[in-house]
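*Asks:* Structure incoming, see below.
The values are calculated or read from the model by the stated rules, or taken from the named source; none is laboratory data. What you see is a predicted model; the values in this text were computed from it and never measured. Please note: Cβ atoms are built from the backbone with ideal geometry, for glycine as well, and neighbour counts cover all protein chains shown. Protein only, heavy atoms only, side chains kept; ligands, DNA and RNA dropped before computing areas. Shrake-Rupley method; radii C 1.70, N 1.55, O 1.52, S 1.80 Å.
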Amino acid sequence: MSLQALLGIELPLIQAPMAGAQDHRLAVAVSQVGALGSLPGAMLDAAGLRRELTALTEKTAKPYNLNFFCHTPPPIDAEREVVWRQALASYYAELGIDSASVATGPGRQPFSAELAELLDEFRPAVVSFHFGLPSAELLARVRACGAKILSSATTVEEALWLEAQGTDAIIAQGLEAGGHRGHFLDTDLSRQLGTFALLPQMVRAVRVPVIAAGGIADAAGVRAAMALGAAGVQIGTAYLCCDEATTSAVHRAALHSPAAQHTALTNLFSGRPARGIVNRLMRELGPLSSLSPEFPLATAAIAPLRSAAESQGSGDFSPLWAGQNASGCKAIGARELTRELAQGFAP
């Protein structure tokens, strides 16, 4: 079955869910032209997600993808939190922040029973997950609402595991992709491959449709992914500068600057490896640090630094998520960009 038939879409193109850089408006724009718009739920509570879903469904009747993280929240480690804040102490002092006033706690939440209740009401066509899959009980609730289930895999082993759990299609997330790595079976980053090395291996290994993600920024990239056996593509970074995205001015400026040519995986902003444009914090602490608390507990201590620096027009402490190919970022409408990308499907 084609990806279009499986998901009820006209174009086998998914706009990657990008928590913190979009709301329903981007998803609506993409879905309206026949691709699959995505709404990220990782940074929304049930009330916030209800508001976004209400706004989305009022503006389009087309299929959309609702995305969740499915990590296991770690307990707060007070000792590690102290060490982390000590590592940031000089930055607090520089920006005039009282470290004692900085809150603790997670910046992202996993899929839960409370969030699952919204599925029965809104019945999204597609529900996708990052970091594996939720519990069997929660997954059964997703299936019961009629949604097709997608999840990210960063290795062939993860793809085989997802297929065995009944996942309807798998997103092959190459190492080039921006944002958080979706790995869940193995944390060894050296085992993860680039998109065009991973994709054909995954296509050969599983029977379900495989969606290519990472480094695809234009119609030529779309065409290359399809030639390697992809059933469709998922694209994120190219949408970050669209009119409908909520990407900050600091982030947009970085994406349009030479700095976007240098990205790295970092755990400084959340506690889990994610690809972003290299900035001051990444250079000075090293992009991957053992000092950072577990995901997603690193976020709280960084938040006031980010806020203070961005108020001065600086992205020194911001998670400037981006893939290795930001060449497709354009300050145009998402509908126009989607149509441009769709030219890669033309025979």
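*Asks:* Please find, within region 178-190, the residue that is farthest from SER151 (Cα to Cα) out of those that are touching a helix residue (DSSP H, G or I) at 6+ places or on another chain (Cβ under 9 Å) and either open to solvent by 40 Å² or more (accessible area, probe 1.4 Å) or modelled with pLDDT under 95 (or both).
*Replies:* Checking each candidate, the answer is ASP186.
*Asks:* Can you spot a residue in region 297-318 that is more than 23 Å from ALA78 (Cβ to Cβ), open to solvent by 50 Å² or more (accessible area, probe 1.4 Å), hydrophobic (A, V, I, L, M, F, W, C) and over 18 Å from the mean Cα position of the chain (by Cα)?
*Replies:* No, the conditions are met nowhere in region 297-318.
*Asks:* Something else: Pairs only if they're at least six apart or on different chains, beta carbon under 6 angstrom, first in region 111-128 and farther than 14 Å from LEU44 by Cβ, second of a type in the set (S, T, N, Q) and modelled with pLDDT of 95 or more; list them, first residue then second.
*Replies:* Partner pairs satisfying both residue conditions: VAL126/ASN65; SER128/ASN65; SER128/ASN67.
*Asks:* Between residues in region 27-40 that are within 17 Å of ALA5 (Cα to Cα) and free of Cβ contacts under 8 Å to residues at least 12 places away in the same chain and residues that are crowded, with 24+ Cβ neighbours inside 10 Å and among the basic types (Lys, Arg), which pairs lie under 6 Å by C-beta distance while being six or more apart or on different chains?
*Replies:* As it stands, the answer is none, since no pair meets every condition given.
*Asks:* May I ask you to verify whether SER270 is of a type in the set (S, T, N, Q) and either open to solvent by less than 10 Å² (accessible area, probe 1.4 Å) or touching a residue at least 40 places away in the same chain (Cβ under 8 Å) (or both)?
*Replies:* Spelling it out, SER270 is indeed of a type in the set (S, T, N, Q) and either open to solvent by less than 10 Å² (accessible area, probe 1.4 Å) or touching a residue at least 40 places away in the same chain (Cβ under 8 Å) (or both).
*Asks:* Right, next: Among the residues of region 64-82, write down those that are open to solvent by 30 Å² or more (accessible area, probe 1.4 Å) and in contact with a Pro (Cβ under 9 Å, 6 or more places away or on another chain).
*Replies:* Within region 64-82, THR72, PRO73, ILE76, ASP77, ARG80 qualify.
*Asks:* Tally up the residues in region 256-310 that are closer than 30 Å to ILE332 by Cβ, among the small types (Gly, Ala, Ser) and part of a helix (DSSP H, G or I), please.
*Replies:* 4
*Asks:* Looking at region 241-260, can you tell me whether even one residue there is farther than 17 Å from ALA326 by Cβ and among the small types (Gly, Ala, Ser)?
*Replies:* no
*Asks:* Taking GLY323 as meeting all but one of (1) touching a residue at least 12 places away in the same chain (Cβ under 8 Å); (2) surrounded by fewer than 23 Cβ atoms within 10 Å (Cβ to Cβ), write down the number of the exception.
*Replies:* So the condition that GLY323 fails would be (2).
*Asks:* List, please: which pairs have Cβ atoms under 6 Å, are six or more places apart or on different chains, and start with a residue in region 206-224 that is basic (Lys, Arg) and end with one that is open to solvent by less than 30 Å² (accessible area, probe 1.4 Å) and at pLDDT 95 or above?
*Replies:* Final answer for the pair search is ARG223/GLY344.
*Asks:* Any idea which of (1) under 19 Å from GLU121 (Cα atoms); (2) out of contact with any His (no Cβ under 8 Å at 6 or more places or on another chain) is the one GLY20 doesn't satisfy?
*Replies:* With (1) under 19 Å from GLU121 (Cα atoms); (2) out of contact with any His (no Cβ under 8 Å at 6 or more places or on another chain) applied to GLY20, the lone miss is (1).
*Asks:* Contact list please: Cβ distance under 8 Å, first residue in region 69-80 and over 9 Å from PRO134 (Cα atoms), second residue loosely packed, with under 14 Cβ neighbours inside 10 Å and of a type in the set (Gly, Ala, Ser), pairs at least six apart or on different chains.
*Replies:* ILE76/GLY105
*Asks:* Something else now. Quick one: which residue in ALA253, ALA308, ALA298 is touching a residue at least 60 places away in the same chain (Cβ under 8 Å) and touching a Gly at 6+ places or on another chain (Cβ under 6 Å)?
*Replies:* Step by step, each of ALA253, ALA308, ALA298 is checked, and only ALA298 is touching a residue at least 60 places away in the same chain (Cβ under 8 Å) and touching a Gly at 6+ places or on another chain (Cβ under 6 Å).
*Asks:* Now a separate question. Limited to region 119-138, what total is found for residues that are open to solvent by 10 Å² or more (accessible area, probe 1.4 Å) and of a type in the set (A, V, I, L, M, F, W, C)?
*Replies:* 6
*Asks:* Which of the residues that make up region 81-98 are touching a residue at least 40 places away in the same chain (Cβ under 8 Å) and either within 30 Å of the chain's Cα centre (by Cα) or over 12 Å from LEU305 (Cβ atoms) (or both)?
*Replies:* GLU81, VAL83, TRP84, ARG85, ALA87, LEU88, TYR91, TYR92, LEU95, ILE97
*Asks:* A further question follows. For residues that are within 28 Å of ARG280 (Cα to Cα) and β-branched (Val, Ile, Thr), scanning just region 226-257, find the one that is most open to solvent (accessible area, probe 1.4 Å).
*Replies:* THR246
*Asks:* Please go through (1) open to solvent by 40 Å² or more (accessible area, probe 1.4 Å); (2) within 28 Å of ILE76 (Cα to Cα); (3) under 20 Å from the mean Cα position of the chain (by Cα); (4) not polar (S, T, N, Q) for GLU284 and return the number of the only condition it doesn't satisfy.
*Replies:* (3)
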